[in-house]
Amino acid sequence: MKSRSMLLGLTAAAAFFGPPSFADSPPADDARPDRSREFATPPPDEAQAKATLLRDILTEMRHSQDDGGDGAVARNQHAKHHGAVRATFAVADGLPEGLRVGIFREPRSYDAVLRFSNGRARVDNVPDAHGLAIKILGVEGKPLLDDPADAGTQDFVLIDHPVFFATDPTNLVRVEAARKALERGEQVDITPIREQIAIARAFPKLGTPSPLEMTYFSTVPSRLGARAVKYRASPSPDNASGLPPLTKASSVDALREAMVARLSTNREPARFDFQLLLQQDEQAMPIEDPTVEWTTTPITVATITINPQAFTGAEQLEFAENLSYTPWHGIEEHRPIGGINRVRKDIYQAGSAFRHDANGAPRKEPTVADLDRLYQCEAAEGR
Ligand code: HEM
């Protein structure tokens with residue numbers, strides 16, 4: 001067995017999320033449970049995995065509080081944002097009967113606020129994953145969370161990669177432990193998690209010059225009534241900035257600068273198609289393993305329009321900082337499913353509560369009145 005092992009150490013930590021390939025690796029011993037449908041009851045190790053993930057995240061947040069210059073606590077992940085912008089989320093007319101569920105029930109336009117972020121990096125000129133968090137306001141229906149401060153919104157939390165790197169919470173704990181051990185310069189046998197590491201290494205990207213030109217995915221599924229779907233946000237070709245690809249020589253704030261150039265300086269709108277990836281084959285599109293891409297034709301169910309606006313004023317940046325996104329902000333018809341989503345419920349709530357408490361910031365969902373006060377958007381019809 002030893003000869004099949006893959007021992008990594010020292011410089012491997014830096015390469016963990018970098019390019020090397022595992023093409024020569026032997027196949028994994030695949031004694032996995034059937035992951036095609038949502039588990040009727042969570043596996044027995046899931047609660048322990050959630051506790052470990054939560055403990056580690058809160059510990060890191062406490063340390064960041066001690067280390068931080070002004071004591072402010074940021075998100076544990078996706079801390080650096082490029083801005084929160086006001087948008088409209090217009091549900092398409094004439095959707096097939098089976099898709100007219102929850103917020104897609106009727107053609108109408110919702111107010112929305114979008115937060116664009118880096119995954120880990122505090123600078124934009126290094127390879128990283130990128131996030132797009134969408135919050136739709138004025139949503140009616142049975143909220144998934146109990147606290148009234150969390151009601152009235154539907155969030156979609158997306159990244160610029162079609163799959164997640166861990167199969168489930170226990171697997172994620174293993175991958176995270178390996179990453180941290182490698183960062184400490186220790187030798188790690190990565191044989192059992194080599195597939196997940198290969199995916200993690202494909203996450204960081206450098207090149208796309210604007211967050212408005214990236215394609216974003218939920219990677220994990222949700223219900224759509226009785227069906228299961230994943231989400232995708234696809235940029236309009238008109239969003240193309242013509243800017244040169246990002247390199248290590250680019251500005252540390254290049255991604256925010258690209259958004260400012262388009263939305264604030266050039267006063268041009270940006271649009272995304274919001275799309276559903278329907279689960280059509282349970283085996284090929286499993287619920288309980290988000291490392292598997294659902295390759296199916298995306299169905300556009302809404303158009304997101306970001307009209308020209310200024311969004312980098314001090315109060316707007318603070319608003320972006322204090323927003324809370326979670327896949328569990330939403331209504332029953334869009335319930336997130338699968339192990340990764342199950343553990344995210346308490347983790348996102350606890351992380352958000354911790355940083356808001358530490359920063360003395362009120363934690364409640366924004367209203368349209370908040371957006372009216374903070375943003376002056378130009379109508380961009382006909383552009
Ligand atoms: C169990 C797996 C995961 C854990 C433990 C985790 C953890 C976290 C935490 C702690 C935050 C900050 C929450 C806050 O303070 O408000 C966060 C934010 C975020 N996560 Fe995850 N995450 C997981 C899975 C995912 C997945 C599958 C995606 C893919 C779409 C994702 C995308 C994001 C994004 C885009 C944000 C930033 C949201 C914002 O702009 O506020 N995460 N995550």
| field | Residues whose placed amide H lies under 5 Å from that of A302, excluding near-sequence neighbours | value | A92, F274
| request: Find, to one decimal place in angstroms, the Kirkwood hydrodynamic radius of segment 93-215, where the mean of 1/r is taken over every pair of different Cα atoms and then inverted. | output: 17.7
| request: Work out Dmax and Rg for segment 250-368 from the C-alpha atoms and quote the Rg first, both in angstrom. | output: 18.3, 49
| Using a probe of 1.4 angstrom, how much of the accessible area of segment 250-383 is carbon and sulfur, in percent? | 49
| request: Give the share of C-alpha pairs in each 5 angstrom bin for segment 255-310, from 0 to the last occupied bin, in whole percents, shortest bins first. | output: 4, 17, 16, 13, 10, 11, 11, 11, 6, 1
| message | Could you sort the peptides 290-296, 335-341 by per-residue average Cβ neighbour count (10 Å cutoff), highest mean leading? | response | 335-341, 290-296
| query | Expressed as a whole percentage, what fraction of the accessible surface of segment 32-94 belongs to carbon and sulfur atoms when a 1.4 Å probe is rolled over the protein heavy atoms? | reply | 51
| task | State to the nearest 20 debye the size of the charge dipole of the chain about its Cα centre, where the only charges are +1 on K and R beta carbons and -1 on D and E beta carbons. | result | 400
| message | Run the helix sum for the chain: -39,500 (n - 2.57) per DSSP H stretch of 4+ residues, divided by residue count, reported at 222 nm to the nearest 500 deg cm²/dmol. | response | -7500 deg cm²/dmol
| Karplus (6.51, -1.76, 1.60) ³J(HN,Hα), θ = phi - 60°, over segment 267-279, in Hz, Gly and Pro reported as x | 6, 10, x, 9, 9, 10, 7, 9, 10, 9, 10, 7, 6
| message | Give me a comma-separated list of calculated 3J(HN,Hα) values for segment 226-241, in order, Karplus coefficients 6.51, -1.76, 1.60 applied at θ = phi - 60°, integers in Hz, x for any Gly or Pro. | response | 8, 9, 10, 9, 10, 10, 9, 10, 10, x, 5, x, 5, 6, 3, 8
| task | Could you tell me the largest-minus-smallest coordinate of the C-alpha atoms of segment 186-329 on each of the three principal axes, in descending order and whole angstroms? | result | 48, 47, 31
| task | Choose one answer from A87, A310, A226: the residue with the largest mean-square fluctuation in a GNM of the chain with alpha-carbon springs under 10 Å. | result | A226
| field | Partner lysines for K230 [C-alpha distance under 27 Å; skip if fewer than 8 residues away on the same chain] | value | K50, K80, K135, K142, K205, K345, K364
| remark: For segment 106-211, percent of DSSP beta bridges that are antiparallel (nearest 5) comes out at 100
| task | Find the Rg to Rh ratio for segment 303-383, where Rh is the Kirkwood radius over alpha-carbon pairs and Rg uses the same atoms. | result | 1.05
| task | Please list 266-273, 141-148 highest first by mean number of surrounding beta-carbon atoms within 10 Å per residue. | result | 266-273, 141-148
| query | Over the Cα atoms of the chain, what Rg and Dmax result, in angstrom? | reply | 20.6, 65
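The values are calculated or read from the model by the stated rules, or taken from the named source; none is laboratory data. What you are looking at is a predicted structure, and each value in this text was computed from that prediction instead of being measured. Here Cβ is always computed from backbone atoms with ideal geometry, including for glycine, and neighbour counts include all displayed protein chains. Surface areas here come from the heavy atoms of the whole protein model, side chains and all, with no ligands, DNA or RNA. Shrake-Rupley method; radii C 1.70, N 1.55, O 1.52, S 1.80 Å.
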